[in-house]
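Working notes for the structure below.
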Amino acid sequence: MEHLRKEYPNGKIAVDDFNLEVGKGEFICFIGTSGSGKTTTMRMINRMLSQTSGTIKINDQDIAKMDPVKLRRSIGYVIQNIGLMPHMTIQENIELVPKLLGWSKEKRAQQAHKMIELAQLPDEMLQRYPGELSGGQQQRIGVVRALAADQEIILMDEPFGALDPITRESLQDLVKHLQEDLGKTFIFVTHDMDEALHLATRVVIMSQGKQVQVDTPENILRHPANEFVTNLIGEERLIRAQPNILNINQIMRKNPVAISPDKTLSDTIDLMHEKRVDTLLVTDDQDKLIGYIDLDDVSRNTDTATPVSQLMNHKVFFVQDKALIGDTVQRILKLGVKNVPVVDDDHRLVGIVTRTSLVDIVYDALRGAPATDEQPASPINADIHAAATREGGDA
Ligand code: ADP
Ligand code: MG
């Protein structure tokens, strides 16, 4: 697809400069907010819609120059819910496109048996009508029907959107298997990030008709292109998936409470009270972190006019915003501190990481790992339990 653009008659630009080269056997997942142009793009590929400008080629052939009916029959297409013809048996449904393509009765029947086997459904089911099957079984048939004519390219537009999670997972396994074993090329729309990350060889993230990021699931998790992608992935999933590659700046709390050294003890007490914190970070006029002042320092002094610069501790443990979470967790746990300021390359204060947020992250990361009920999964986990009990929790 080159410089693909679709402007609807009402002036709506649904797809704007879309470019994508798909290799044979790839599994491409489109994901994005509703209305971002995913369906429009799919429908241009099989010419159910024509683009306003730009080119689509299949095997170097411009599809605009191909017979649209032939083209459509050469591409499998599955959409949510629309599926099977209710008055036809499962076998007739599966044979529909092969029949249109002029396959012999024998070859068609052979293919129907093969497809029902691929769908992992009993052969007798070929003689039943769609209404006699469960929703999940119907959608399985819908999936294999798209493959029945042996098309090289399969388009699927939110095919599993309405299914329960268990049926959904087994269908995901089915299409993944079909793609890997049969070498078909899939373009698959979903609004479920787990589904996209599970199935895709590459994910295309769409927003408002534009591609925001096109990359492998791994790279998308490692390097989300911008905040839109990060939000779409969800911080939880990011952390769960990659505890050791995430940076501190992805989990820190921004705008930590800070005070300048020329303020007084009186100001310090007021600010602590207002923000309900027992520690203030001290930053100079360039926002650089130069120390901290806590409740101990405050309660040791009685002259409320004393400047912060005389009360503060200059030795403050901090982490770099680019540090990896995995490393930082270890250090924080060893030091037994409740929270840690985060600085950038110029030593400017940019955030704070609380012990509580780290406990959550490590817990999430380890929960998926095999472990018995009472036994902590690793020494890190054991440390956290011990520390949490010692300090009784929150920062
Ligand atoms: P998605 O599949 O990503 O949810 P669509 O491709 O269906 O998005 O739609 C993209 C945009 O184009 C949306 O804003 C939608 O409202 C608009 N749109 C879709 N079809 C038409 C149409 N026939 N006429 C005008 N606008 C349309
Ligand atoms: Mg859609």
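For the stretch 14-55, the candidate set comprises residues that are in a strand (DSSP E or B), within 16 Å of ligand 2 (Cβ to nearest atom) and of a type in the set (V, I, T); within that set, the residue that is surrounded by the most Cβ atoms within 10 Å (Cβ to Cβ) is V15. Set side by side, the residues K99, K70, K24 differ, and just one is within 21 Å of L178 (Cβ to Cβ), more than 16 Å from ligand 1 (Cβ to nearest atom) and either touching a helix residue (DSSP H, G or I) at 6+ places or on another chain (Cβ under 6 Å) or at pLDDT below 95 (or both), which is K24. Return a yes/no flag: does the stretch 48-61 have any residue that is near ligand 1 (Cβ under 9 Å from one of its atoms) and touching a residue at least 12 places away in the same chain (Cβ under 8 Å). Looking for residues that are near ligand 1 (Cβ under 9 Å from one of its atoms) and touching a residue at least 12 places away in the same chain (Cβ under 8 Å), one finds at least one in the stretch 48-61, hence yes.
Restricting the stretch 90-123 to residues that are under 15 Å from D150 (Cα atoms) and among the β-branched types (V, I, T) leaves a set whose member that is surrounded by the fewest Cβ atoms within 10 Å (Cβ to Cβ) is I116. Return only the number of the condition from (1) in contact with a Ser or Thr (Cβ under 8 Å, 6 or more places away or on another chain); (2) of a type in the set (A, V, I, L, M); (3) in a strand (DSSP E or B) that V78 does not satisfy. Only one criterion is unmet by V78, namely (1). Being within 28 Å of L126 (Cα to Cα) and within 16 Å of ligand 1 (Cβ to nearest atom): is that true of V78 here? For V78, the condition - within 28 Å of L126 (Cα to Cα) and within 16 Å of ligand 1 (Cβ to nearest atom) - is met. Here the stretch 185-199 is the region considered, the condition is being farther than 20 Å from L147 by Cβ and within 15 Å of ligand 1 (Cβ to nearest atom), and the residue that is surrounded by the most Cβ atoms within 10 Å (Cβ to Cβ) is A196. Looking only at the stretch 103-113, decide whether some residue is under 24 Å from P165 (Cβ atoms) and either away from ligand 1 (no atom under 16 Å from the Cβ) or not acidic (D, E) (or both). No - not one qualifying residue is present in the stretch 103-113. The set of residues from the stretch 125-150 being surrounded by fewer than 17 Cβ atoms within 10 Å (Cβ to Cβ) and of a type in the set (K, R) comprises just one member, R128. Within the stretch 146-160, residues that are assigned by TED's automatic domain parsing to the domain that holds G83 reach partners that are more than 16 Å from ligand 2 (Cβ to nearest atom) and assigned to a loop (DSSP other than H, G, I, E, B) with beta carbons closer than 7 Å, at six or more positions or on different chains, in the pairs L147/K184; A149/L101; Q151/S74; E152/K184; I154/A146; I154/L147; I154/K184.
The values are calculated or read from the model by the stated rules, or taken from the named source; none is laboratory data. Quantities reported herein were computed from a predicted structural model and do not represent experimental measurements. Because the Cβ atoms are built from the backbone with ideal geometry, glycine has one as well, and the counts that use them run over all protein chains shown.
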